[in-house]
């Protein structure tokens, strides 16, 4: 059996260092917003190339607090790709704003920068781009549109730790970068965790207050805040894994390279362009008989996933939110995409077996 993911095997190389980090944290007697969090925040900011990093409880919270810290008024419109994961939409809705969907580029699967301006209205206050599957968006065009229209820019970097566009890493282009450290991510914790990066000192200070009940001095609350603090233990684990993130990325890129080189062209494979450094949180292919392909692979002991089977505008929970509109590119992607095994624990022989089986489909 070749599983899509196995978090036990994925984390096994780090067990010894995890145990040391856990014991240090337990013996410190400090479990909320202590030295482990401060250390990881500094390490991750340095890794991304940003001035500041604030540890938070989840990637969803990072998106929500970014909108709140930027003072995006309730009732504002926020532009977002039509094929994103639902968390991006949920953050906008929970901030009291209206998501406005823009179709993706069918080559990169990221928001199409050439379609941005046609969706800007007098209510638009921000754009959230999503670096889907581990490929960063075309940030030069996007930042230019946002600056010209005086719009805040948030990067959803949940799947893009270390991904880069023209040598610049995700999370440093916009006003803020929202990261998830959900266990399956390239930099995954052992539970929920997230962070927000920024080069804006005031924005960083605002997020630090918001994550801790709107407080900067204990028991004094300057604004209505949240409880969204990165846990000391998770921060300690993340510091251990961050040291190996480039190794993790390199391994996943090697496995992805095998797929790209040896899979038949019957499968639509990820685009490869020198401007983009992809980290392959997900290696996806597209095929018109996706469901049949998935069943075929499962019958041959190969597990796959679908990211994602239903686009946001067709989710029952959000049918009252979206204005009438058609999103055929998003629907095409969601109906044909299939995610293949590409974990840090997978061996080249695993991927070669997947390729051999797929090429017989």
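Filter segment 200-231 for residues that are at negative phi, touching a strand residue (DSSP E or B) at 6+ places or on another chain (Cβ under 7 Å) and part of a loop (DSSP other than H, G, I, E, B) and give the result.
Of everything in segment 200-231, those that are at negative phi, touching a strand residue (DSSP E or B) at 6+ places or on another chain (Cβ under 7 Å) and part of a loop (DSSP other than H, G, I, E, B) turn out to be 211, 222, 225, 228, 229, 230.
Are any of the residues in segment 272-280 closer than 30 Å to residue 165 by Cβ, in contact with a helix residue (DSSP H, G or I) (Cβ under 6 Å, 6 or more places away or on another chain) and either assigned to a helix (DSSP H, G or I) or in the same structural domain as residue 77 (by TED's automatic domain parsing) (or both)? Give the derivation first.
Of the residues in segment 272-280, the ones closer than 30 Å to residue 165 by Cβ are 272-280.
Still in the list and also in contact with a helix residue (DSSP H, G or I) (Cβ under 6 Å, 6 or more places away or on another chain): 278-280.
Within this subset, residues satisfying the condition of being either assigned to a helix (DSSP H, G or I) or in the same structural domain as residue 77 (by TED's automatic domain parsing) (or both) are none.
Looking for residues that are closer than 30 Å to residue 165 by Cβ, in contact with a helix residue (DSSP H, G or I) (Cβ under 6 Å, 6 or more places away or on another chain) and either assigned to a helix (DSSP H, G or I) or in the same structural domain as residue 77 (by TED's automatic domain parsing) (or both), one finds none in segment 272-280, hence no.
Take the conditions within 30 Å of residue 301 (Cα to Cα), assigned to a helix (DSSP H, G or I), assigned by TED's automatic domain parsing to the domain that holds residue 183 and in contact with a helix residue (DSSP H, G or I) (Cβ under 9 Å, 6 or more places away or on another chain) and apply them to residue 14. Does it pass?
yes
Listed residues 54, 20; which is outside any helix (DSSP H, G or I) and modelled with pLDDT of 95 or more?
Going through 54, 20 in turn, the sole match is 54.
Of the numbered conditions (1) under 26 Å from the mean Cα position of the chain (by Cα); (2) at pLDDT 95 or above, residue 300 satisfies every one except a single condition; which is it?
Going through (1) under 26 Å from the mean Cα position of the chain (by Cα); (2) at pLDDT 95 or above one by one, residue 300 breaks only (1).
Select from segment 68-78 the residues that are part of a strand (DSSP E or B) and surrounded by 24 or more Cβ atoms within 10 Å (Cβ to Cβ) and list them in ascending order. Walk me through it before giving the result.
Residues of segment 68-78 that are part of a strand (DSSP E or B), as a first pass: 77-78.
Result: 78, single match.
One line per residue, one yes/no per condition, for (1) under 30 Å from residue 314 (Cα atoms); (2) surrounded by fewer than 17 Cβ atoms within 10 Å (Cβ to Cβ):
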| residue | (1), (2) |
| --- | --- |
| 45 | no, no |
| 51 | no, yes |
| 66 | yes, no |
| 80 | yes, no |
| 84 | yes, no |
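Suppose we filter 114, 122 for residues that are more than 30 Å from residue 246 (Cβ to Cβ), assigned to a loop (DSSP other than H, G, I, E, B) and without any contact (Cβ under 8 Å) to a residue 40 or more places away in the chain; which single one remains? Steps first, answer last, please.
On the way: 114 fails: assigned to a loop (DSSP other than H, G, I, E, B).
Step by step, each of 114, 122 is checked, and only 122 is more than 30 Å from residue 246 (Cβ to Cβ), assigned to a loop (DSSP other than H, G, I, E, B) and without any contact (Cβ under 8 Å) to a residue 40 or more places away in the chain.
The values are calculated or read from the model by the stated rules, or taken from the named source; none is laboratory data. Since we're looking at a predicted model, the values are computed, not measured. Methodologically, a virtual Cβ is constructed for each residue, glycine included, from the backbone with ideal geometry; neighbour enumeration extends over all protein chains shown.
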